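Take a look at the structure set out below.
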Amino acid sequence: MSSSQRTDLGRALCIITGASRGFGRTVARELSRLVKPGSVLILTARSEENLRSLEVELAGSEAGKSGLLVQCVPADLAQMAGLQSVVSASRAAFSEHIDHVILVNNAASLGDVSRFTSSFTDMAEVDSYLSLNVTSCLCLTARLLQALPPPIRALSLRRQHHLAVRPAAF
C-alpha cells in the first residue's frame with residue numbers, strides 16, 4: 001500500500017496481544033504507521049525480550065520519533081493477573097486526546113498440532129487451551145470496555161490461528 005493510499009486512524013490507543021512475533025508483531029508495525037502522533041501502542045505477550053526488541057524498533061522508527069508512545073506489558077493472558085496488567089496499563093495510557101481504541105486479540109496457541117482430536121481426554125489440558133484461546137479474549141475485551149471511560153469508539157479484532165494453519169484432524 002503506498003503512503004498516498006494509507007488510511008489515517010487518528011490518535012488511537014492500540015492494544016495488541018501476542019505482539020512479540022508473527023502476525024501480532026506485523027500488526028504493531030503497521031498500526032504504528034497509520035496512527036497520529038500521541039497515539040499509544042500497548043504491546044503484550046509472554047516473551048518480554050521479543051517485546052522489548054519491538055519497542056526499540058518502533059521507538060527508532062519515523063512514528064516513534066514523531067510522538068508514538070510504545071509500552072510493553074509482558075503477561076500471560078491465560079492468567080487473571082496478566083489480564084489485569086494489560087487493563088491497568090491501558091487505563092493509565094488512555095487520555096481525553098485519544099480518538100478511539102483498537103484491540104487486536106492475537107494471543108493464542110495452537111497447542112500440540114501433532115495430536116488428533118480424539119486424544120484430548122484430559123479436561124484440565126483442554127481448559128488451559130480454551131482459557132488462552134477463548135476465555136482470555138472475551139474477558140480482556142469486557143474488562144477494557146468496563147475500564148475505559150465512555151464513550152469509547154472501539155474495534156476488536158480476533159485472529160483464528162488454528163483455522164489459518166490447517167483443519168483439525170479427527
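The values are calculated or read from the model by the stated rules, or taken from the named source; none is laboratory data. Please read these numbers as outputs of a predicted model, since none were measured by experiment. Cβ atoms come from the backbone with ideal geometry, glycine included; neighbour counts cover every protein chain shown.
Numerical summary
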item	result
Residue that is farthest from Ala75 (Cα to Cα), among those in the stretch 129-153 that are of a type in the set (Ser, Thr, Tyr) and touching a Gly at 6+ places or on another chain (Cβ under 9 Å)	Tyr129
Filter pass, Thr44 being modelled with pLDDT of 95 or more and either of a type in the set (S, T, N, Q) or at positive phi (or both)	yes
Any hit, the stretch 41-55, residues being closer than 23 Å to His100 by Cβ, basic (Lys, Arg), in contact with a strand residue (DSSP E or B) (Cβ under 9 Å, 6 or more places away or on another chain) and assigned to a loop (DSSP other than H, G, I, E, B)	no
Among the residues listed as Val126, Val86, the single one being β-branched (Val, Ile, Thr) and closer than 18 Å to Arg46 by Cβ	Val86
Residue within the stretch 56-73 that is under 13 Å from the mean Cα position of the chain (by Cα), surrounded by fewer than 16 Cβ atoms within 10 Å (Cβ to Cβ) and either closer than 29 Å to Val134 by Cβ or not hydroxyl-bearing (Ser, Thr, Tyr) (or both) present	no
The stretch 26-57, residues that are among the hydrophobic types (A, V, I, L, M, F, W, C) and under 25 Å from Ser109 (Cβ atoms)	Val27, Ala28, Leu31, Leu41, Ile42, Leu43, Ala45, Leu51, Leu54
Search result, residues across the stretch 7-38 that are in a loop (DSSP other than H, G, I, E, B) and at negative phi	Thr7, Asp8, Leu9, Arg11, Ala19, Ser20, Arg21, Val35, Lys36, Pro37
Within the stretch 73-115, considering residues that are among the β-branched types (Val, Ile, Thr) and in a loop (DSSP other than H, G, I, E, B), the one nearest to Thr17 (Cα to Cα)	Ile98
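For every residue, the table says whether it meets (1) on the phi > 0 side of the Ramachandran plot; (2) touching a Gly at 6+ places or on another chain (Cβ under 9 Å); (3) among the hydroxyl-bearing types (Ser, Thr, Tyr); (4) surrounded by 19 or more Cβ atoms within 10 Å (Cβ to Cβ).
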site: Arg52; (1), (2), (3), (4): no, no, no, no
site: Leu83; (1), (2), (3), (4): no, no, no, yes
site: Phe94; (1), (2), (3), (4): no, no, no, no
site: His100; (1), (2), (3), (4): no, yes, no, no
site: Val104; (1), (2), (3), (4): no, yes, no, yes
site: Phe116; (1), (2), (3), (4): no, no, no, no
site: Asp127; (1), (2), (3), (4): no, no, no, no
